[in-house]
Amino acid sequence: MIKTVINQYKTDEFVESMLPLLSKLRKEKHCVGYNLYRDSEKENVYAVVGKWNTRKAMEQHFQTQNFEVLIGAARVLGETLEMNIAEVSETGGFELARKHIAPQQRKSETTD
(Lines give C-alpha, C1' and ligand atoms only; values in the text may rest on other atoms or scores of the structure.)
Protein backbone atom coordinates (compact mmCIF):
# COMPACT_ATOMS: atom_id res chain seq x y z
CA MET A 1 0.00 0.00 0.00
CA ILE A 2 1.21 3.44 -0.87
CA LYS A 3 -0.40 6.30 1.03
CA THR A 4 0.18 9.77 -0.32
CA VAL A 5 -0.99 13.28 0.46
CA ILE A 6 -1.52 15.01 -2.88
CA ASN A 7 -1.15 18.74 -3.32
CA GLN A 8 -4.74 19.98 -3.03
CA TYR A 9 -4.52 21.67 -6.46
CA LYS A 10 -3.29 18.50 -8.16
CA THR A 11 -5.78 15.86 -7.01
CA ASP A 12 -7.61 15.75 -10.36
CA GLU A 13 -4.31 15.37 -12.20
CA PHE A 14 -3.26 12.58 -9.82
CA VAL A 15 -6.50 10.62 -10.27
CA GLU A 16 -6.43 11.10 -14.06
CA SER A 17 -2.86 9.77 -14.19
CA MET A 18 -3.65 6.82 -11.92
CA LEU A 19 -6.62 5.38 -13.81
CA PRO A 20 -4.76 4.26 -16.98
CA LEU A 21 -1.74 3.22 -14.91
CA LEU A 22 -3.87 1.03 -12.63
CA SER A 23 -5.28 -0.66 -15.72
CA LYS A 24 -1.72 -1.56 -16.81
CA LEU A 25 -0.75 -2.69 -13.31
CA ARG A 26 -3.73 -5.04 -13.08
CA LYS A 27 -2.52 -6.82 -16.24
CA GLU A 28 0.88 -7.67 -14.78
CA LYS A 29 1.53 -11.36 -14.25
CA HIS A 30 0.48 -12.58 -10.77
CA CYS A 31 -1.35 -9.34 -9.94
CA VAL A 32 -4.52 -10.05 -7.95
CA GLY A 33 -5.67 -6.43 -7.92
CA TYR A 34 -4.62 -2.79 -7.87
CA ASN A 35 -6.97 -0.07 -6.62
CA LEU A 36 -7.00 3.61 -5.74
CA TYR A 37 -8.84 4.81 -2.63
CA ARG A 38 -9.51 8.35 -1.41
CA ASP A 39 -9.68 9.09 2.31
CA SER A 40 -13.27 9.83 3.33
CA GLU A 41 -12.24 12.64 5.66
CA LYS A 42 -9.24 14.19 3.88
CA GLU A 43 -9.99 14.64 0.19
CA ASN A 44 -6.34 14.95 -0.83
CA VAL A 45 -5.16 11.73 0.85
CA TYR A 46 -5.05 8.62 -1.36
CA ALA A 47 -4.05 5.01 -0.93
CA VAL A 48 -2.94 2.81 -3.81
CA VAL A 49 -3.27 -0.84 -2.86
CA GLY A 50 -1.74 -3.66 -4.87
CA LYS A 51 -2.28 -7.35 -4.21
CA TRP A 52 -0.03 -10.12 -5.50
CA ASN A 53 -0.14 -13.92 -5.56
CA THR A 54 3.29 -14.20 -3.92
CA ARG A 55 5.85 -12.03 -2.22
CA LYS A 56 8.30 -12.84 -5.02
CA ALA A 57 5.82 -11.52 -7.62
CA MET A 58 5.40 -8.34 -5.59
CA GLU A 59 9.16 -7.85 -5.32
CA GLN A 60 9.51 -8.36 -9.08
CA HIS A 61 6.78 -5.76 -9.58
CA PHE A 62 8.88 -3.26 -7.62
CA GLN A 63 11.49 -3.52 -10.41
CA THR A 64 9.07 -2.65 -13.23
CA GLN A 65 8.68 0.60 -15.13
CA ASN A 66 4.99 0.66 -14.13
CA PHE A 67 5.95 0.79 -10.46
CA GLU A 68 8.49 3.54 -11.16
CA VAL A 69 5.76 5.57 -12.88
CA LEU A 70 3.45 5.05 -9.90
CA ILE A 71 6.08 6.26 -7.43
CA GLY A 72 7.04 9.13 -9.75
CA ALA A 73 3.44 10.37 -9.97
CA ALA A 74 3.07 10.23 -6.20
CA ARG A 75 6.33 12.13 -5.72
CA VAL A 76 5.67 14.80 -8.34
CA LEU A 77 2.04 15.46 -7.41
CA GLY A 78 2.22 14.61 -3.74
CA GLU A 79 3.49 16.20 -0.58
CA THR A 80 4.23 12.99 1.34
CA LEU A 81 4.60 9.32 0.50
CA GLU A 82 4.38 6.31 2.80
CA MET A 83 4.70 2.70 1.70
CA ASN A 84 3.61 -0.31 3.77
CA ILE A 85 4.01 -3.98 2.89
CA ALA A 86 1.89 -6.63 4.56
CA GLU A 87 1.32 -10.31 4.02
CA VAL A 88 -2.18 -11.72 4.42
CA SER A 89 -2.25 -15.12 6.08
CA GLU A 90 -6.02 -15.63 5.96
CA THR A 91 -9.01 -13.87 4.43
CA GLY A 92 -12.66 -13.92 5.41
CA GLY A 93 -15.52 -12.00 6.89
CA PHE A 94 -17.08 -11.56 10.29
CA GLU A 95 -16.73 -15.21 11.30
CA LEU A 96 -12.97 -15.13 10.69
CA ALA A 97 -12.62 -11.96 12.77
CA ARG A 98 -14.68 -13.53 15.52
CA LYS A 99 -12.46 -16.62 15.51
CA HIS A 100 -9.47 -14.45 16.39
CA ILE A 101 -11.07 -12.51 19.24
CA ALA A 102 -9.52 -13.50 22.58
CA PRO A 103 -11.67 -16.08 24.42
CA GLN A 104 -12.06 -13.82 27.48
CA GLN A 105 -13.30 -10.99 25.25
CA ARG A 106 -15.91 -13.32 23.69
CA LYS A 107 -16.99 -14.37 27.19
CA SER A 108 -17.47 -10.74 28.26
CA GLU A 109 -19.50 -10.08 25.09
CA THR A 110 -21.94 -12.85 25.97
CA THR A 111 -22.34 -11.76 29.60
CA ASP A 112 -22.91 -8.06 28.86
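Couple of notes before you dig in:
- Leu36 vs. criteria closer than 22 Å to Ala86 by Cα and modelled with pLDDT of 95 or more: yes
- Residue within region 47-68 that is at pLDDT below 95, among the small types (Gly, Ala, Ser) and within 13 Å of Ser17 (Cα to Cα) present: no
- So His30, is it of a type outside the set (Ser, Thr, Tyr), free of Cβ contacts under 8 Å to residues at least 60 places away in the same chain and in contact with a Ser or Thr (Cβ under 7 Å, 6 or more places away or on another chain): yes
- So Val88, is it modelled with pLDDT of 90 or more and aliphatic (A, V, I, L, M): no
- Test: Ser17 is hydroxyl-bearing (Ser, Thr, Tyr) and assigned to a helix (DSSP H, G or I): yes
- Once region 6-27 is narrowed to residues that are closer than 12 Å to Leu70 by Cβ and in contact (Cβ under 8 Å) with a residue 60 or more places away in the chain, the residue that is surrounded by the fewest Cβ atoms within 10 Å (Cβ to Cβ) is Ser17.
The values are calculated or read from the model by the stated rules, or taken from the named source; none is laboratory data. Nothing here was measured: the structure is a model prediction, and the numbers come from that model. All Cβ positions, even for glycine, are placed from backbone atoms using ideal geometry, and neighbour counts span all protein chains on display.
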